[in-house]
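Just below is one structure, and these are the notes that go with it.
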Amino acid sequence: MGLKSNLHNLKLKYQGTKMAPAFNAIHTFLYLPNETTHGGTHIKAADDLKRTMNIVIMALVPCLLFGIFNAGYQHYAAIDAAKGVIREASLFGNFITWDNFIVGAWTVLPLVIVSYGVGLIVEFIFAIIKGHEVEEGYLVTGMLVPLIVPVDIPLWMLAVAVIFGVVIGKEVFGGTGMNILNPALTIRAFLFFAYPTWMSGDKVWVHEAVERAGTADAISGETLLGAYAQNSSLAGIDYMDMFFGFIPGSVGETSKLLIILGAAILIFTKVGSWRIIVSTLIGALAMGLIFNGVVDAGWIGESSKFYGLMNVPFWQHLIIGSILFGAVYMATDPVSASQTNKGKWIYGFLIGFISIMIRVFNPAYPEGVFLAILLMNVFAPTIDHYVVQGNVKKRMKRLKVKTA
Amino acid sequence: MSNDIKISKGLDIKLVGQAEKKTDTAIISNFYTVRPEDFHLVTPKLVVKVGNKVKAGSTLFYNKENESVKFASPVSGEVVEIERGEKRRVLAIKIKADKTQEFEEFGALAASADADAVKSRLLESGAWAFVKQRPYDVIANPEVQPKSIFVSAYASAPLAADLDYTLAGKEEELQAAVSALAKLTAGKVHVSVGKNSNSPLSNLSDITLHKVSGPHPSGNVGTQINKIDPINKGETVWTVSAQDLVIIGELLLTGKFNAERIIAFAGSSVKSPRYFKTKIGAEVSTMVYDNGVEQDGNDRIISGNVLSGKQVKPDGCLDYYSNIITVIPEGDDYEFFGWNKPIFNKISTSRALTFSWLMPNKKFDLNTNTNGEHRAFVTTGNYEEVFPLDIFPLQILKACKYQDLDEMEALGMYEVAPEDFALTEFICVSKQPHQNIIREGLDLMYKEIG
């Protein structure tokens, strides 16, 4: 009796009981089920939802690993900076080190564990109550959540937010595939509006910056974007640092290089929509160009509080903040995005466009990507509606030509 | 005049077990079975009883809703069993065949016969069952004149019988059939053949010839209708499959309903895949065990192709419309970490650690495993890659699921048949039953709109 037949017998034992979905979730994690086709096609392609979701998770892993090291690196860099030492980032010199890893793992891994633990418990409970299988959607959400929050977010806040996000963002609509808003961003939005002091400002982005505030050991926890919004910048950071990600920010969103790698994986495997990714970037660049034009035309002076971010060369908007992370991993969520190919172009463009607009015009909280995506989530069905109407009108026209 | 149709969206599913081009005569089947469920939405009204003698072409039953549409026995013999299900619904009519076949004599029909004569001949002989209509993908209503008639003589489905081969030498019958059908429509008879094929249909007269190329579903008549002359609301199009034209043609020429057809016997479980000459309703056991599949093999026998065919038991029969029997292994086994390990031996349109894109010419040995569990619709944009019709597939499927008749109509429900959604069902990540969803949607529309 191997594991396979033992599990099969257990499955038959649980069949029809309340616990069946919980057992099947674990069983199907180990084994592709023995289900065969009935009615319809007799053969099926190799892909299932687990495989699709798994690809997204694999595309996120580099960002997570980088985020762990970066959490430690930023912590020590900020301590150095408080002493007046400006660090020069070097990958093997002072980035991939045990010290960084220990601090990073100590702060980031609990976020991952809480996110998955709480989220999956909610998923299992709902699956058992409603009697459907445990769906894979949360595997990706649970990975995204730790990557889009500040390192020092208290774990209980994260737990509350995850429960809210999964229940209100997804389960009340009927589970994976039925939700209107991106669940990971719903969680982030909840955190942002419920606990704003932990989600924005100049303290939260570096480990221990909050605890040390006001003491002699105070360190800065500011992000680049926050600095720009106040018409200043951060010391010792050049464009390459921004691109490689040696800057403070949410856990997983800083390394543009690894996000591009993730995008390459998603596009190559055809799991993520390249249309959304490309059009989001085009939208962001377009808005950036418009603002540059406004500055060049002299409509806005250096005294303006918008000057700092408006004056950022348009292409730099892509390497600061989380626009790239949002475009690659968040906007491409197929459930909450537009579902037609034409709609995806419009949807992505507007996300990029609005993201940069919010970034520039909202100095209190200069990252607008998640709000832009949530806004467009709401409008995605409207975009689709008009795209589909195009097809419907074509059909109507054909009929009229015939009858005329 | 020849018009080319080139399809770019689609997917050729290459499978092991293509039938070799040689024809065996199947062991003569003792019993033949006609299953009314082959004729969708037909309520059978029986005219035979157990013990009755019938000839080939004798009416077994007619459609209760439209009594002129009759259904014929494929052979002469004695009705031995009428199998009934719930509410005494007729499931199957089993006929024990005579040693020497007798045919109902309908008399040859002159080539100059008018439309009414052709129509009544097809109706009284039961050959009308081969004429299907869209919308709804059901047997055509003889009272409605179609705007055009479509015949696809190009088979692009996986392992499909090569129609150039099975119909070779039948030019005379085919010509008689299309000439007669041409009288029944005010429009044209559109015949599609493969671009590089040597089809016996390409030199017929009274037709408009189209040459199609591209991946499956380029050979589906639904694809061709959509590209040539799409159906609008209120219009009707008839479709006849090419192999059934032979039966119609022979009926018109000789006055006999001869249900003989050459079918492919294919699939990876078959030792020696080849063609058989057999008759509609024949027991599949007469074919599958002779140098075919193992007696106790764990296989699925399909009357039809792997995408749209019907599962039959070894004692089942060839259905009324199929020209292929496919046998593939059952996939009722677990696969350790089957959802995340790299996969080389299954087809996929993605590259999500699936590597079929590296081997475009490899022939795959697929089984009936679903490769995953049923989920809600999640991914988007992948159906469009294999769906050549100018219709939004995901949106129309969802409209069917929430039964919004207006939306179904606006999105093009009149143009589709379940088989058009076979490929999207094959690649569906959420393992949704697309063909059933469309069938139920069509049935609902038929009931509500008619």
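Quick note: the coordinates plus some simple rules give every number you see, no bench work behind them. Everything quoted here is computed from the prediction, not taken from an experiment. Cβ coordinates were reconstructed from backbone atoms using ideal geometry, including for glycine residues, and neighbour counts include every protein chain displayed.
Annotations
- A viscosity of 1.567 mPa s and a temperature of 4 °C, combined with the Kirkwood radius over C-alpha pairs in the Stokes-Einstein formula, give chain B a diffusion coefficient of 57 µm²/s.
- Cα centroid separation - region A:135-165 against region A:224-263, whole Å: 22
- Overall dimensions of region A:1-124 by Cα: Rg and Dmax, Å: 22.5, 72
- Summed residue charge, Cβ within 13 Å of B:Pro200's Cβ, Lys/Arg positive, Asp/Glu negative: -4
- Dipole of chain A computed with +1 at Lys/Arg Cβ and -1 at Asp/Glu Cβ about the Cα centre; of A:Val108, A:Val378, A:Ser250, farthest Cα towards the positive end is A:Val378.
- Lys, Arg +1 and Asp, Glu -1 on Cβ, resulting dipole of region A:54-212 about Cα centre, debye, nearest 20: 200
- The angle separating the long axis of helix A:369-403 from the principal Cα axis of greatest extent in chain A is about 50 degrees.
- Square roots of 5 times each gyration tensor eigenvalue, C-alpha, region B:31-97, largest first, Å: 18, 14, 10
- Under 25 Å from the Cα of A:Lys393 - lysines, other chains or at least 8 residues apart: A:Lys342, A:Lys344, A:Lys402, B:Lys6, B:Lys9, B:Lys147, B:Lys227, B:Lys233, B:Lys398, B:Lys401
- Rh by Kirkwood over Cα pairs, then Stokes-Einstein D for chain A at 1.306 mPa s and 10 °C, µm²/s: 70
- Total formal charge among the other residues, if their Cβ is under 15 angstrom from that of A:His75, Lys/Arg +1 and Asp/Glu -1: -3
- Using alpha carbons only: equivalent-ellipsoid semi-axes of region B:174-296, gyration tensor based, whole Å: 31, 20, 14
- Shape of region B:151-201, Cα gyration tensor, a/c cut at 1.5: prolate
- The dipole here belongs to chain A: it is taken about the Cα centre, uses +1 on the Cβ of Lys and Arg and -1 on the Cβ of Asp and Glu, and is about 2260 debye.
- Charge dipole (debye, nearest 20) of region B:370-448; +1 at Cβ of Lys and Arg, -1 at Cβ of Asp and Glu: 380
- Residue-averaged 222 nm ellipticity for the protein assembly as shown, from DSSP H runs of 4+ at -39500 (n - 2.57), nearest 500: -12500 deg cm²/dmol
- Residue by residue along B:378-390, Cβ atoms of other protein chains within 10 Å of the local Cβ number 5 on average.
- Across region A:203-312, Cα-Cα pairs farther apart than 22 Å form 51% of the total.
- Calculated P(r) of the protein assembly as shown - Cα pairs past 48 Å, %: 33
- Taken as Cα centroids, region B:350-429 and region A:298-350 sit 32 Å apart, rounded to the nearest whole angstrom.
- Protection proxy ranking of B:373-380, B:402-409 - average other beta-carbon atoms within 10 Å, highest first: B:373-380, B:402-409
- Scoring B:210-223, B:304-317 by mean Cβ neighbours within 10 Å over their residues and listing the highest first yields B:210-223, B:304-317.
- Sites matching GluC sites (Glu not before Pro) across region B:82-180 that sit in DSSP coil, with at most 15 neighbouring C-beta atoms within 10 Å: B:Glu105, B:Glu143
- Region B:137-154 and region A:29-63 have their alpha-carbon centroids 40 Å apart.
- Exceedance of the 21 Å cut-off in Cα-Cα distance is limited, within the set B:Lys64/B:Lys256; A:Lys4/A:Lys50; B:Lys211/B:Lys256; B:Lys22/B:Lys170, to B:Lys64/B:Lys256; B:Lys211/B:Lys256.
- Selection from B:Tyr446, B:Phe426, B:Ile396 lying farthest towards where the dipole of region B:370-448 points positive, charges on Cβ: B:Phe426
- Two-decimal log10 I(q)/I(0) for region B:352-445, as the Debye equation yields it once each C-alpha is a single scatterer, q = 0.15, 0.17, 0.25, 0.26 Å⁻¹: -0.62, -0.77, -1.40, -1.48
- Chain B - percent relative contact order, Cα under 8 Å, separation 6 or more: 19
- Computed log10 I(q)/I(0) for region A:124-175 at 0.18 Å⁻¹: -0.63, from the Debye equation with unit scatterers placed on every C-alpha and solvent omitted.
- Take B:22-29, A:107-114 and order them by the average number of nearby Cβ atoms within 10 Å per residue, most first; the result is A:107-114, B:22-29.
- Counted over the protein assembly as shown, the DSSP beta bridges are approximately 60% antiparallel.
- Across the options A:Val401, A:Ile323, A:Val387, the greatest Cα extent toward the positive end of the charge dipole of region A:272-404 (unit charges at beta carbon of Lys, Arg, Asp, Glu) belongs to A:Val401.
- Neighbourhood charge, 13 Å Cβ-Cβ cut-off, centred on B:Tyr62 and excluding it, Lys, Arg +1 and Asp, Glu -1: 0
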